[in-house]
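Read the structure below first, then the notes.
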Amino acid sequence: MSVSDLKPGVIKECQICRSKKIYEILDLGHSGLCDSLLTKNDLNKFEKSYPLKLLKCRNCHLLQINYVVDNKEVFHLDYPYKSGITKTLKDLLHNTSKYAVKNYKFSKKPLAIDIGSNDGTLLEGFKNQGFKVLGVEPTNIAKLANKKGIKTIQKFFDNKTARIIKKRYQKADVITGTNIFAHINKLDSLMNGVKSLIDRKNGIFITESHYAVNILDEMQFDSIYHEHLRFYLLKPLIYLLNKYGFKVIDASRIPNYAGSIRVTATLNKNIKPKTNVKKIIDQEKKRGFYSEKKYKQYAKKVISVRKNLSEMLWKLKLKRKKIAGVGCPGRSITLLAYCNITNQLIDYIAEQASSLKLNMFTPSTHIKIIDEKYMIKNQPDYALILSWHYGKNVMKNLRNKGYKGKFIMPLPKPRILN
Ligand SMILES: [Zn+2]
């Protein structure tokens with residue numbers, strides 16, 4: 001049986017092995033979509049929200065959410081995210097091409113295809129290394145990539161899109177995808193598409209997925225939202241790739257997106273896997289990631305974060321302290337909604353002037369997002385760091401810009417920093 005091409009609605013079986021043995025780890029309540037921000041006018045209207053639970057499969061150890069929202073609604077045309085936005089992220093995305101060139105041999109005029117290529121930042125890396133490049137990106141950010149000279153097809157990647165590409169281009173030497181195994185609901189169509197486009201002999205398929213070990217170790221439950229349908233240990237990734245005839249030949253942990261796992265696979269059965277693959281699997285097993293106990297402990301910790309953070313903020317509020325949020329990444333929407341941190345607690349969220357989110361409001365919690373200059377001018381007593389996974393940098397930047405108040409770091413444990 002192939003993996004499922006998901007339909008919107010409640011998930012009743014494991015998305016990759018189809019087992020019915022899935023159980024609940026966390027219930028995060030209902031949440032709006034994190035990249036569907038509200039306008040001022042929307043605040044007076046009925047607001048959509050969806051159930052958000054984290055489930056685990058007893059059979060293949062996949063972690064997944066319990067509810068699928070239509071991809072077209074999640075990755076709508078005006079999706080506000082640009083991957084090239086920071087220098088750090090740009091460098092991290094360019095590492096993928098450096099890794100590929102260092103470790104594998106390619107044809108004379110190699111082709112690299114990136115699935116979910118956003119503004120083309122990752123492909124720029126390949127282009128710099130002499131590759132022909134092609135991006136596939138469903139949102140309007142594709143236009144931006146094309147303007148920059150990164151050829152991009154504005155479509156969802158599936159088997160149908162793969163057929164169109166196949167007619168016009170050579171077989172791909174490299175296919176990359178960051179977070180596609182989390183984002184795309186049509187996994188079966190995705191895998192068949194990749195299989196049909198990749199060079200069968202020397203082609204490599206590199207995926208980078210947010211790593212479940214980081215999500216548990218570092219209390220990153222805020223990265224659970226409807227864009228992320230699945231979270232992976234290495235074991236279920238191997239299961240998924242094997243199912244489509246791919247052999248996993250390398251795996252490594254990388255810092256991207258607060259802790260990812262990069263997995264390289266090929267259709268060529270003669271290539272020997274590197275020892276990293278077994279090492280990581282052994283670690284996952286040794287540290288209990290295949291057992292239920294680990295997840296029970298995790299759920300308990302998440303609940304205590306909710307209680308402690310909420311208490312901390314209400315205490316400050318009762319003392320009439322001013323609190324602003326800082327940064328509004330997708331994950332902040334889950335944190336705010338789950339911990340019930342609304343516009344009654346937080347005055348506004350400060351974002352850099354170039355953000356596409358300015359003057360919008362967070363779904364569910366209705367906090368206005370404004371230019372950080374306002375925050376520097378008004379000096380709130382506390383700054384709640386919502387992009388806490390880049391916490392040190394964020395704090396340093398704000399100090400440099402002249403913020404004098406205190407910081408609140410919500411995770412992994414809520415704490416106040418002077
Ligand atoms: Zn499963």
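The values are calculated or read from the model by the stated rules, or taken from the named source; none is laboratory data. Nothing here was measured: the structure is a model prediction, and the numbers come from that model. Heads up, the Cβs are rebuilt from the backbone with ideal geometry, glycines too, and the neighbour counts pull from every protein chain shown. SASA here: full protein model, heavy atoms, side chains in, ligands and nucleic acids out. Shrake-Rupley method; radii C 1.70, N 1.55, O 1.52, S 1.80 Å.
Tabulated data for the structure shown
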item	result
Subset of segment 31-63 [among the aliphatic types (A, V, I, L, M) and more than 20 Å from ASP222 (Cα to Cα)]	LEU43
Filter pass, LEU28 being outside any loop (DSSP other than H, G, I, E, B), touching a residue at least 12 places away in the same chain (Cβ under 8 Å) and touching a helix residue (DSSP H, G or I) at 6+ places or on another chain (Cβ under 6 Å)	yes
Yes/no for SER19 being open to solvent by less than 50 Å² (accessible area, probe 1.4 Å), out of contact with any Ser or Thr (no Cβ under 9 Å at 6 or more places or on another chain) and either within 16 Å of the ligand (Cβ to nearest atom) or not in a loop (DSSP other than H, G, I, E, B) (or both)	yes
Members of segment 89-144 found to be touching a strand residue (DSSP E or B) at 6+ places or on another chain (Cβ under 7 Å) and acidic (Asp, Glu), listed by number	ASP114, GLU137
Residue among ASP347, ASP381 that is open to solvent by 50 Å² or more (accessible area, probe 1.4 Å), touching a helix residue (DSSP H, G or I) at 6+ places or on another chain (Cβ under 8 Å), at pLDDT 95 or above and not assigned by TED's automatic domain parsing to the domain that holds ASP42	ASP381
Residue in segment 218-234 that is open to solvent by 10 Å² or more (accessible area, probe 1.4 Å) and part of a helix (DSSP H, G or I) present	no
Top-ranked residue in segment 384-418 [being over 21 Å from the mean Cα position of the chain (by Cα) and open to solvent by less than 10 Å² (accessible area, probe 1.4 Å); ranked as farthest from SER223 (Cα to Cα)]	TYR403
The listed residue being in contact (Cβ under 8 Å) with a residue 60 or more places away in the chain and either closer than 29 Å to TYR390 by Cα or in contact with a helix residue (DSSP H, G or I) (Cβ under 7 Å, 6 or more places away or on another chain) (or both), out of HIS228, HIS210	HIS228
Those residues of segment 157-192 which are assigned to a loop (DSSP other than H, G, I, E, B), farther than 19 Å from ILE204 by Cβ and touching a Phe, Trp or Tyr at 6+ places or on another chain (Cβ under 8 Å), in sequence order	ILE184
Scan of segment 126-157 for residues that are surrounded by fewer than 17 Cβ atoms within 10 Å (Cβ to Cβ) and among the small types (Gly, Ala, Ser), ordered by number	GLY130, GLY149
Residue match in segment 85-100 (condition: in a loop (DSSP other than H, G, I, E, B), within 30 Å of LYS300 (Cβ to Cβ), at pLDDT below 95 and open to solvent by less than 80 Å² (accessible area, probe 1.4 Å))	no
Exclusive hit being in a loop (DSSP other than H, G, I, E, B), open to solvent by 70 Å² or more (accessible area, probe 1.4 Å) and more than 16 Å from the ligand (Cβ to nearest atom), set LYS269, LYS278	LYS269
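A quick yes/no check of all residues on (1) within 14 Å of the ligand (Cβ to nearest atom); (2) at pLDDT 95 or above; (3) open to solvent by 20 Å² or more (accessible area, probe 1.4 Å):
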{"residue": "GLY32", "(1), (2), (3)": "no, no, no"}
{"residue": "LYS56", "(1), (2), (3)": "yes, yes, no"}
{"residue": "LEU63", "(1), (2), (3)": "yes, yes, no"}
{"residue": "TYR81", "(1), (2), (3)": "no, no, yes"}
